[in-house]
Amino acid sequence: MASNPMTSIFYGWVIVAGVSVILSLQWGCIDTYGIFLTELHSDLGWTKTAISGAYSLFSIISGFTWGSLTLFPAIAADWFGTKFHGSIYGAFEIGFGIAGGVAPLLAGYIFDTRGSYELAIIIVATGLFIAMGLSCVISSPQEQAGFS
């Protein structure tokens, strides 16, 4: 008899880990904006006003989606139940802490060793494309069990 994905701890923790990585990449991009400002200015040839305007537009657009942050606990409860809700949601939130602490340090180290943020930007862009692809293929435990 096949294992029921609704009760499979392994599958759930894979999703939790994936969400944590996605959140790390997302917040890493947001937290390192100030580090990349000078590099964006010199590489793109944009004025600092234009770059700040683009970031403001990003902030406005993402502002409409910030409400989804309040949905994370509800989605975690719907997908995995409430028995381990605090642990699961805490694992999601680890991504925020990792990104806020590691991303600026890593970007600074890359700049110090290579003299450019180009590699850091490539790493972030690659990670975001991977996260975007993963978010398109992740399915809920209910869908895996055929309860969609």
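The values are calculated or read from the model by the stated rules, or taken from the named source; none is laboratory data. Everything numeric here is computed off the predicted structure, so don't read it as measured data. Every residue, glycine among them, receives a Cβ derived from its backbone with ideal geometry; neighbour counts consider all protein chains shown.
Just one residue in the set Phe96, Phe84, Phe58 is modelled with pLDDT under 80, surrounded by 13 or more Cβ atoms within 10 Å (Cβ to Cβ) and more than 15 Å from Ile30 (Cβ to Cβ); that residue is Phe84.
Inspect all residues belonging to segment 112-120 and state whether any of them is crowded, with 17+ Cβ neighbours inside 10 Å, touching a residue at least 40 places away in the same chain (Cβ under 8 Å), assigned to a helix (DSSP H, G or I) and aromatic (Phe, Trp, Tyr). No, every residue in segment 112-120 fails to be crowded, with 17+ Cβ neighbours inside 10 Å, touching a residue at least 40 places away in the same chain (Cβ under 8 Å), assigned to a helix (DSSP H, G or I) and aromatic (Phe, Trp, Tyr).
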